[in-house]
Structures are given as C-alpha cells and as structure tokens.
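Read the figures in this text as sums done on the coordinates, not as results from a lab. This one's a predicted model, so the numbers in the text were calculated from it and none came from an experiment. Glycine also receives a Cβ, built like all others from the backbone with ideal geometry; neighbour counts cover every protein chain displayed.
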Amino acid sequence: MNDLANLREKGVDARIASGGGRMYVTMDRYENDWDVVKRGWDAQVLGEAPHKFTNAVEAVKKLRENANDQYLPPFVIVDEHNKAVGPIVDGDAVVTFNFRADRMVMLAKALEYQDFDKFDRVRFPKIRYAGMLQYDGELKLPSHYLVSPPEIDRTSGEYLVYNGIRTFACSETVKFGHVTFFWNGNRSGYFNPELEKYVEIPSDIGISFNLQPKMKALEIGESARDAILSLKFDQVRVNIANGDMVGHTGDIQATIVACKAADEAVKMILDAIEQVGGIYVVTADHGNAEDMVKRDKCGQPLYDKNGQLQILTSHTCHPVPIAIGGPGLAPGVRFRNDVPDGGLANVAATIMNLHGFVAPNDYEPTLIQVVDN
C-alpha cells in the first residue's frame, strides 16, 4: 500500500477494478462456454457484477469463504458512491495478456469484432486494443499486438502427415485445441485433410466439472477405440482431461470419480491397441489430481486456522510418468538412461521413432533406443 501511495504522489493512479476466478470469469477457450466471457465482460466493461467491494483484498478474502481461487465469482471495486472505479469506456487503452493464447481468443473477439453475436455486450466501447501477442495467427486476432508471435513450424504432426502418416485426433471441447491447435504449432486447420480427421466431443457447459466428473472420458475412449479398430489410421492421439479439470475444483471425491473414468477410457484404448497389434504411449503434460493437498517444505499437509486441510487446486510440479508398450513395439526397444532430464519436449522425437522415422537434429532427443538382446 505504501508503494501505491508513492506511485500516486508521482502521478500514477493504478487500481484493481474487477476480478474473478480463472475457471469462471473471462477466460474460456475453444468457444466452450461464452457465459464465462460474458461474466468477465459485464464486470470489466460494464462495471457490473453480483459482488461489489471497496478493495480487492476484501473481495478475495470474502469470496474465498465459499469458493476456491479458480472459481471465484466476478466482482467489481466501487467507490464511496457505489460506482465502479474502472469500467472500460470510449477512449480507453486496453491490453490483454496471458501465458496461454487459447485463454485469450474469445475475449479478443468480444473486444475487437464489430459484428459479434455470442452475447449481448450492451455497449461496445471504442478503445485502443492490443494483445500482448497475436493469439490466433489464422484469424489475425487481435489485429494489434505488442510482441510478434513465435513462428512454430516443422512440428511432429506436420512432419508425420507429410510423410504419409494417417492421423486421428480427438478430445472434448476444453482440450480439443491441445490435440489440434497446440499440437500443430498454433495452427487449427489440417495439414492434409485426406490424411487427417479431428473429432471434437462437446464438453458440458454451465457447470463446474466436479458436478459431472466423468466429463467425456468414455466418449473419447470410444471414439479412439473405433478409430483404432477401423485400421484407417496410423496414429490416434487423444487428451483425456478429467484429472486436470476436475482436480482444479478441489473436490477430492469428485476427482476420484474422474480418475476412475479416465482409467476406464485408457483401458478401452489399450485393449483396442492390443487387438490390432499396435503401440501405445501414455503420458501427461503436468500433474494435478495425484496430490490435492497443500504441503510445507517437508511435505507435510497444511491446515488453515480452523484446522481444515488446505486443498491444492493448481497443477503440481511432480515428475510425470510415461509408459510405452504394446504388441507392435519392436524387440529391444528400451528407455535411454542418458537423458536424465527428459520431459514433454522429448516425446515428439520418440513418437517419430516409433513410426520409423529419425527426428530432425534440432529436436530434443528421443527417449528410446534399441538394445541388442
């Protein structure tokens, strides 16, 4: 607060004007639930929200009594006359920034598109708008940005398709871009529509994921199973989101149900791979559901002042396992022991090897080798 006072003495007037949890306000993705974006729009642009406070600290403390950080409802900061201190109005400059481009695209559409029909914006302020990056290179959205986006080419998906590998990708809406857009280097279209098929299964909308913890795991599993058994594809990739999305809710019992559903879906896929003599690779990009308790530096659980266990809703930093196997795996294939810091970046070259290709030299090294028996 003293720093803020010093800044104001120098003519800087900075205040938090509104807020909310990232899973509930402003940042939806893949057009799954526009109500999330609308809640953010109402608070940030219109200065309207069901909760009003005179400062952000008070807001977060109060709203945390009934929700965790990820699902805090929208709030606005008001002055002594109960008037929002910082709604977005004509003439304002607006910059949006976030580590994840997929979380920014829908808001960028609302801020930039004159012809917009996803919800009633009430008013469309004439602003100077820029993104930190251009969040969608194909849509050229937003049209103004502060840092040029990275150009990502020669992805493993592109390489394999151009070498004739028939590809099937599937997930539900909240993770669909992870097996398409992100996988292909921030590109949402096909490299070759004759060799690729993408299937999006609509996610549940309007509810938190702990209320439907099975999500669409079984539907994803069935879709992948059918693709494998059809023998029309050389690679089938899926993202099963339960452990991540339900883990974010902090609901441990629901997360147990979620993990069981994910296990059932994975078994469905592995059984199909067994039938066709294929190879499986099972991994994840981060943890979440495997530890849902906040801990001290010694690993002991933390409790709040009321003696309640503190629930962890964020991703974890534990090492993520990878499993490779199946009847199609060539004899002698083993994990290398000279890649001690192997991670997600090494999976691309590994998959290329399993398809019979050598990855480009500037890829992170493969995780596997062939050992003479």
**OP:** Can you tell me how much longer the chain between HIS286 and ILE311 gets when fully stretched, taken as 0.36 nm per residue apart minus their C-alpha distance, in nm with one decimal?
**Re:** 7.2 nm
Original post:
For the residue pair GLU80 and GLU274, what label-to-label distance in nm results when each label sits 7 Å from Cα along the Cα-to-beta-carbon direction?
Top reply: 7.3
Original post:
For HIS318 and ASP338, what is the calculated FRET efficiency with R₀ set at 22 Å and r taken between the beta-carbons, to the nearest 0.05?
Top reply: 0.45
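Could you tell me what percent of the DSSP beta bridges with both partners in the chain are antiparallel, to the nearest 5? Write down the numbers at each step before the final one.
Details: 14 of 33 bridges.
Given both bridge residues lie in the chain, the antiparallel proportion sits at roughly 40 percent.
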Original post:
Is any helix in the chain, taking whole DSSP H runs, at least 27 angstrom long along its axis by alpha carbon and on average at least 0.5 on the Kyte-Doolittle scale, and which ones?
Top reply: 252-276
Original post:
How much FRET efficiency would the formula 1/(1 + (r/R0)^6) give for ARG15 and ASP362, where r is the Cβ-Cβ distance and R0 is 56 Å, rounded to 0.05?
Top reply: 0.75
Subject >> Shape call, segment 235-373: gyration tensor on alpha carbons, a/c limit 1.5 >> reply: prolate
Original post:
How much length, in nm to one decimal, is gained on full extension between ASN163 and ASP69, taken as 0.36 nm per residue of separation minus their Cα-Cα distance?
Top reply: 29.3 nm
Original post:
Taking the alpha-carbon centroid of each part, what is the distance from segment 166-245 to segment 143-160 in angstrom?
Top reply: 21
Subject >> Gain on full stretching of the segment that runs from GLN300 to ARG103 - 0.36 nm per residue minus C-alpha separation >> reply: 67.6 nm
Original post:
Between GLN253 and ASP120, what FRET efficiency follows from the Cβ-Cβ distance if R0 is 35 Å, with the result rounded to 0.05?
Top reply: 0.40
Original post:
How many lysine pairs are close in segment 2-131, with Cα atoms under 24 Å apart and the two 8 or more places apart or on different chains?
Top reply: 16
Original post:
Per residue Cα convex hull volume for the chain, in cubic angstrom?
Top reply: 188
**OP:** Identify, among THR173, MET132, ALA101, the residue whose Cα sits farthest towards the positive end of the charge dipole of the chain, taking +1 on the Cβ of Lys and Arg and -1 on the Cβ of Asp and Glu, with the dipole about the Cα centre.
**Re:** MET132
